[in-house]
Amino acid sequence: MPASLLRRVLSTSNLLQAWQKNLANDGAPGIDGVSLQDFALSAPTRLKALQKEVLRGDYQPQPVKRAWMPREGKTPRALAIPTVKDRVLQTAVALVLSPIFELEFESVSYAYRPQRSVQKAVARIAELRDAGFRWVVDADISAYFDTIDHQRLRQLVARHVPDIRLQTLIGQWLNAPIDEGGLRTVPTQGIAQGSPLSPLLANLYLDELDEAILGQNLHLVRYADDFIILCREKARAEDALELTGTVLQDLKLGLNSDKTRIAHFSHGFRFLGKQFFNNDITDAHALPQTTPQPPLLQESEPQLSTSNEPDASAAAPEPPAYSFRTLYLLQQGCQLRKDGEQLCVTKDGATLSQIPAHLLDLVLIYGHNQITTPALQFCFEHAIPVAYLTAQGRFCGVADAMDLRAVELQMLQVQRHADVAWRLETARAIVRGKLENSRLALQRGSRHRQADTHGSEFMLRDLASHTKGADTPETLNGIEGAGAREYFGAWAQLLPEGWCFEGRNRQPPLDPVNALLSYGYTLLHWNVYALLRARGLNPHWGAYHALRPGHAALASDLMEEFRPLLVDRLVLKLIHAGTVQPGQFTVSKAGCEIQLDARRSLIEAFEAQLASPIQHPDGGLIDWRRVIDGQVLLWTRALRGQAAYCRFEVR
């Protein structure tokens, strides 16, 4: 009977259950200022009065109170908070309607439903991935909760809820005025986030989308308004995206074109707080997905370096670059202190800058700067490595918290290190990648400088081919050493007048070019180190570089392939552009020192380079830092025996 639903909603047991759920949720007061604690003082009386009010037809919801929930890296989310009395009644309605709607909902919907969760949605994605569905429509609905069409929603409710008085109640809640600081508006579309009934209505509205996609034999995983469609072929994914747009248009909704894309597991994508990359699934917070951020460089005034952003008219990188922030404490005589949930840079008692902990991934302290014990403990708690270097960038030591989150993975590292054959095979890939990328760097450098490096390019290719037959680490070291001599032997041709370079030297570097190279390699090393730590790896257990105290051998291994591409080419670019000048160096018997302004220029350019997009060999535009992270993930696969380590080459 139609009235039976309302009687079930208003039964004493159902209202009491609804009240207990609200009490457990510990929400804020509504527009009337009545808190849960106030309501609890006379809950039985209030519930009885509410019951009679609805049965008499006298019930009118009060306006909802506007509140804003901050979200890291996003605009605040608008919430609308009903009064406690209205929340209890809405919860009572949801308790009765939920089992009815559940009979209609599809299995692909995982949010706000019993026996369903983010974990089960992620497990389903992994199941489909392993079955060969590796192309993904990663969709985002524009302002979903704010744009739901009221008329369409009422029709859907009426289809499943035959009780007219319940339909009327839901309609009243949809049109309840929103109060923000005394200013009241009546919504004509959307449902209030903060209402106990909103999750149920949100799932009901998108049930038609679920049915339409499943009707085309497509594989959908939806969590509220976030969803992906998994396909075997890219063409099928393109068809699925077109279908999605058509269905949403019928529902008077739209896709957010800036956030909707077709991705592949080999490119990586983020969904439900997880990072999916090939066969790996990790927490997305390890590498936050935001726009590229410049490094924090501390000098006489706190300021951020600029980064070379892609042209706004160009296609957005796929997938988007993510943030990775490094604090470079350059100016001498500073102190890094803890202040609440922030790190503060001070000098002579004055605060130069404040940095929230969630913005930092790595701290590099140069020269005569200090970090207090509370600040160091703070970095440990937030898994932020702190590296100590001389003012010229020579490594002194690192303070890093012991990470036991991935102890099984680190045990695999130790086991693989004892496997001589595995180490040699992996080292061959590393050295070959470095030689091939060195050849490419020479080729491109000579093209722009009108230099003849063909002989050296041929030798590097020949040496790269000989890595296949290297049957001992000593043989491989010999090949790598010969390649380095050939490579840097051709470098003099790539430099303009006024820059002297007679070959690679270090510890200390004796000339400006070598000083720039060494400083750049240090920056690269510590970025690789931090990415390894973010993935739970111990940076000291590598394959090619020898295990020795104080040396992060794995970080050295993984940076080899990127030295020519990220540091060597950058140094040439800075020199030819005149960004650094010979006069910005001090040469003495103790070596060559880079002046502060040149160091700053190098750091800024290096960070901009890491954030710039490139065409990945597997397809898609991604930034350089993500390329390195991809190699880290390939390393973990190699450790687990899932595949041999594959070198990275740019062709």
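The values are calculated or read from the model by the stated rules, or taken from the named source; none is laboratory data. Just so we're clear, the structure is a prediction, and the values are computed from it rather than from any experiment. Every residue, glycine among them, receives a Cβ derived from its backbone with ideal geometry; neighbour counts consider all protein chains shown. Side chains are part of the model used for accessible areas, which takes the heavy atoms of the whole protein and leaves out ligands, DNA and RNA. Shrake-Rupley method; radii C 1.70, N 1.55, O 1.52, S 1.80 Å.
In this structure, the amide hydrogen of residue 623, modeled 1.01 Å from its nitrogen in the peptide plane, lies closer than 5 angstrom to those of 614, counting only residues at least 5 positions away or on a different chain.
For the chain, the longest principal axis of the Cα atoms and the long axis of helix 420-449 meet at an angle of about 80 degrees. Remark on residue 511: its backbone amide H falls under 5 Å from those of 592, a criterion applied only to residues 5 or more positions apart or on other chains, H modelled at 1.01 Å from N. Shown here are the Rg and Dmax of the Cα trace of the range 539-651, at 17.1, 52 Å.
Excluding residue 521 itself, calculate the net charge of residues whose Cβ lies under 12 Å from the Cβ of residue 521, where each Lys or Arg counts +1 and each Asp or Glu counts -1.
Details: positive: 394, 504, 506, 563; negative: 560, 568.
Net of charged neighbours comes to +2.
For the cross-link pairs 434/573; 85/120; 274/573; 234/274; 259/573, the ones whose C-alpha atoms lie over 30 Å apart are 85/120; 274/573; 259/573. Only DSSP H runs of four or more residues enter the estimate; each adds -39500 (n - 2.57), and after division by the residues of the chain the mean residue ellipticity at 222 nm equals -14000 deg cm²/dmol.
Pairwise inverse Cα distances across the range 85-217, averaged and inverted, put the Kirkwood hydrodynamic radius at 16.6 Å. Secondary structure note: in the chain, about 75% of the DSSP beta bridges are antiparallel.
Rounded to the nearest 10 degrees, the inclination of helix 118-130 to the longest alpha-carbon principal axis of the chain is 60 degrees. Let me know the shape class of the range 33-105, please: from the alpha-carbon gyration tensor, a ≥ b ≥ c as square roots of the eigenvalues, rounded when a/c is under 1.5, otherwise prolate if a/b is greater than b/c, or oblate. Verdict is oblate for the range 33-105. Axis of helix 624-639 versus longest Cα principal axis of the chain: the two differ by about 90°, to the nearest ten degrees.
Once fully extended, how much extra length lies between residue 573 and residue 351, figured as 0.36 nm per residue of separation less the alpha-carbon to alpha-carbon distance? Display every interim value, and only then the final one.
On the way: separation 222, 0.36 × 222 = 79.92 nm, distance 3.54 nm.
That works out to 76.4 nm of additional length.
Computed 3J(HN,Hα) for the range 49-65, one whole-Hz value per residue from the Karplus formula 6.51 cos²θ - 1.76 cosθ + 1.60 where θ = phi - 60°, is 5, 4, 4, 5, 4, 6, 5, 6, x, 9, 5, 9, x, 7, x, 9, 8, glycine and proline marked x. Backbone phi angles across the range 182-187, fed through the Karplus curve with coefficients 6.51, -1.76 and 1.60 (θ = phi - 60°), yield HN-Hα couplings of x, 8, 10, 10, 9, x Hz in residue order; Gly and Pro are listed as x. In this structure, the amide hydrogen of residue 352, modeled 1.01 Å from its nitrogen in the peptide plane, lies closer than 5 angstrom to those of 345, 346, 347, counting only residues at least 5 positions away or on a different chain.
Between residue 465 and residue 258, what's the calculated FRET efficiency when r is the beta-carbon distance and R0 is 51 Å? Round to 0.05. E between residue 465 and residue 258, to the nearest 0.05, is 0.70.
Relative to the current alpha-carbon distance between residue 595 and residue 474, full extension at 0.36 nm per residue lengthens the span by 39.7 nm. Among the GluC sites (Glu not before Pro) within the range 480-518, which fall in a DSSP loop and have no more than 15 other Cβ atoms within 10 Å of their own Cβ? Hits after loop and neighbour filter: 497, 502. Ordering 564-577, 384-397 by mean Cβ neighbour count within 10 Å, with the highest value first, yields 564-577, 384-397. With protein chains left intact and a 1.4 Å probe, residues in the chain average 45 Å² of accessible area per residue.
Direction-averaged shadow area of the convex hull around the Cα atoms of the range 463-572, nm²? The partial results should precede the final answer.
Numbers: hull surface 31.3 nm².
Its average projected convex-hull area is 7.8 nm².
Ignoring aspartates and glutamates fewer than eight residues from residue 52 along the same chain, the ones with Cα atoms less than 18 angstrom from its Cα are 86, 163.
Phi angles of the range 224-239 translate, via the Karplus equation with coefficients 6.51, -1.76, 1.60 and θ = phi - 60°, into HN-Hα couplings of 6, 8, 9, 8, 10, 10, 9, 9, 7, 10, 5, 4, 5, 5, 5, 5 Hz per residue; Gly and Pro are given as x. Geometric descriptor of the chain, per residue, is 190 Å³ (volume of the convex hull of the Cα atoms).
Surface composition of the range 446-552: carbon and sulfur atoms hold 52% of the protein heavy-atom accessible area at a 1.4 Å probe.
Answer rounded, prolate or oblate for the range 127-192, using the Cα gyration tensor with square roots of eigenvalues a ≥ b ≥ c: rounded when a/c is under 1.5, else prolate when a/b is larger than b/c, else oblate. Could the numbers behind the result be given before it?
Working: a/c = 3.92, a/b = 1.70, b/c = 2.30.
Verdict is oblate for the range 127-192.
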